[in-house]
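These notes concern the structure reproduced below.
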Amino acid sequence: MGERVLIALGGNAMTGPDGGASPGDQRRAVEQAVRHVTALIADGHQVTLTHGNGPQVGNLILKNQLAAHVVPPVPLDWCGAQTQATIGTLVLNALDGRAAVVVTRTLVDPADPAFQDPVKPIGRYFSEAEARRFEELGQTWRRFDRGWRRVVASPEPLEILDAPAIAALVAAGFTVVAAGGGGVPVARDAEGRLGGIEAVIDKDLAAAVLARDVRATVLVIATDVPGAVVGFGTAQARPLGAVTAAELRVLHAAGHFAGGSMGPKVEAALRFVEQGGDRSVITSLENIGAALTGESGTVVRK
């Protein structure tokens with residue numbers, strides 16, 4: 001009997017090996033990723049998919065900036081919704097079976113401290129003069145080693161608002177693509193009305209919430225490395241295989257996993273298990289089948 005598995009695909013799995021994001025590059029990358037997913041489905045597993053969208057949103061933002069004098073720029077939440085639908089369509093075509101995509105909203109708190117200190121970089125690097133021009137439009141920009149880049153808030157995902165629809169499709173036997181890019185960020189105003197908000201939600205943290213909501217038994221975080229590494233970049237570096245949530249929480253608190261890369265993946269894996277999931281797996285896309293049987297990757301159990 002197969003398991004109910006939620007797989008979180010990295011956004012870079014949606015682009016070419018060199019980072020190319022042409023339509024052809026993205027279609028071929030999605031088809032390659034989906035081959036590993038269809039193998040799990042063929043083995044009897046019930047799969048729900050979520051995905052990153054960083055490169056795709058970055059391209060839309062650049063188009064906004066270049067064409068701002070011709071057509072009005074669209075807000076960041078619109079960019080997220082557009083890329084959910086585009087990537088979802090590519091995945092549906094590659095799956096070519098009983099599948100569905102749900103453009104998904106994720107609720108955040110407008111009072112989340114992240115809005116007071118935006119740190120999530122998005123889009124491409126620009127000169128200081130260009131960054132200052134965009135700052136006049138109300139955006140926040142910061143200087144990095146390679147130039148200036150826009151930064152936005154990355155608030156905590158509180159609730160996947162469209163989880164009931166996703167769960168109903170899963171129960172009906174569909175392979176569902178949902179909560180792409182962490183979901184379209186929305187918040188309630190003082191009157192309780194929902195509206196989009198300028199933010200980027202970490203897709204792995206949102207995946208942990210979605211996995212719980214669809215009652216997945218396993219959360220698989222597919223990345224470009226075989227698993228998490230303790231002491232990464234040092235002479236004491238070692239790959240992390242089977243580990244308890246308590247052990248991993250200690251390692252995470254000790255700073256072994258970088259905040260901008262492996263850190264959110266480890267945190268998502270921990271949250272899912274700590275909130276009742278059977279196990280989480282962090283591994284490379286090509287190893288997800290072996291990871292489900294405990295033969296590969298970092299496997300986290302309570």
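The values are calculated or read from the model by the stated rules, or taken from the named source; none is laboratory data. Every value quoted in this text rests on a predicted model; they were computed, and no experiment measured them. Every residue, glycine as well, gets a Cβ built from its backbone with ideal geometry; the counts of neighbours run over all protein chains shown. Side chains included, ligands, DNA and RNA excluded: accessible areas come from the protein's heavy atoms. Shrake-Rupley method; radii C 1.70, N 1.55, O 1.52, S 1.80 Å.
Relative contact order for the chain using alpha-carbon pairs under 8 Å, separation at least 6, rounded to a whole percent?
Values: 644 pairs, mean separation 59.0, N = 302.
Rounded, it is 20 percent for the chain.
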Self-check item: Per-bin percent of Cα-Cα distances, the range 208-247 [10 Å]
Solution: 23, 40, 29, 8, 0
Quiz item: On average over all directions, what projected area in square nanometres does the chain have, based on the convex hull of its Cα atoms?
Solution: 16.5
Quiz item: For the range 146-302, with the dipole built from +1 on Lys and Arg beta-carbon atoms and -1 on Asp and Glu ones, taken about the Cα centre, which of L248, Q275, V229 lies farthest toward the positive end?
Solution: V229
Exercise. Report, in deg cm²/dmol and to the nearest 500, the calculated mean residue ellipticity at 222 nm for the chain, where each DSSP H run with n ≥ 4 adds -39500 (n - 2.57) and the sum is divided by the residue count.
Key: -11000 deg cm²/dmol
Exercise. Please determine, in degrees from 0 to 90 and to the nearest 10, the orientation of helix 54-66 with respect to the longest principal axis defined by the Cα atoms of the chain, where the helix direction is its Cα long axis.
Key: 10
Exercise. Sort out for me the Cα centre separation of the range 220-240 from the range 186-200, rounded to whole Å.
Key: 37
Self-check item: 0 to 90° range, to nearest 10: angle between helix 23-42 axis and the chain longest Cα axis
Solution: 20
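So how strong a dipole does the chain carry about its Cα centre when Lys and Arg Cβ are +1 and Asp and Glu Cβ are -1, to the nearest 20 debye? Before the final figure, lay out each step's value.
Details: 28 positive and 31 negative charges, 50 e Å.
Roughly 240 debye, rounded to the nearest 20.
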Quiz item: Taking N as the number of residues in the range 1-147, what value does Rg over Cα atoms divided by 2.2 N^0.38 Å take?
Solution: 1.23
Practice problem: Leaving out ligands and nucleic acids, note down the accessible area per residue over the chain with a 1.4 angstrom probe, in whole Å². | Solution: 47
Quiz item: Tell me, what is the 1.4 Å probe accessible area of E156, in Å² to the nearest 10?
Solution: 70
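Among DSSP beta bridges lying fully in the chain, give the percent that are antiparallel, nearest 5.
Restricted to the chain, the bridges split so that about 40 percent are antiparallel.
Using Cα pairs under 8 angstrom and six or more residues apart, how large is the relative contact order of the range 117-178, in percent? It would help to have the intermediate numbers written out before the result.
On the way: 63 pairs, mean separation 20.5, N = 62.
Across the range 117-178, relative contact order equals 33 percent.
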Practice problem: For the chain, build the charge dipole from Cβ charges (+1 Lys, Arg; -1 Asp, Glu) around the Cα centre, then report which of A163, Q32, I122 sits farthest towards its positive end. | Solution: Q32
Quiz item: Over the range 191-302, what per residue volume does the convex hull of the Cα atoms give, in whole Å³?
Solution: 132
Quiz item: Kirkwood-based Rg over Rh for the range 55-104 (C-alpha set), two decimals?
Solution: 1.11
Quiz item: Under unit Cβ charges (Lys, Arg +1; Asp, Glu -1), what dipole magnitude, rounded to 20 debye, does the range 167-302 have relative to its Cα centre?
Solution: 300
Quiz item: Taking a probe of 1.4 angstrom, what is the accessible area of L76 in Å², to the nearest 10?
Solution: 10
Self-check item: Sorted largest first, extent of the range 98-223 alpha carbons per principal axis (Å)
Solution: 53, 40, 22
Practice problem: Would you mind computing the Rg to Rh ratio of the range 17-89 from its alpha-carbon coordinates, Kirkwood style for Rh? | Solution: 1.08
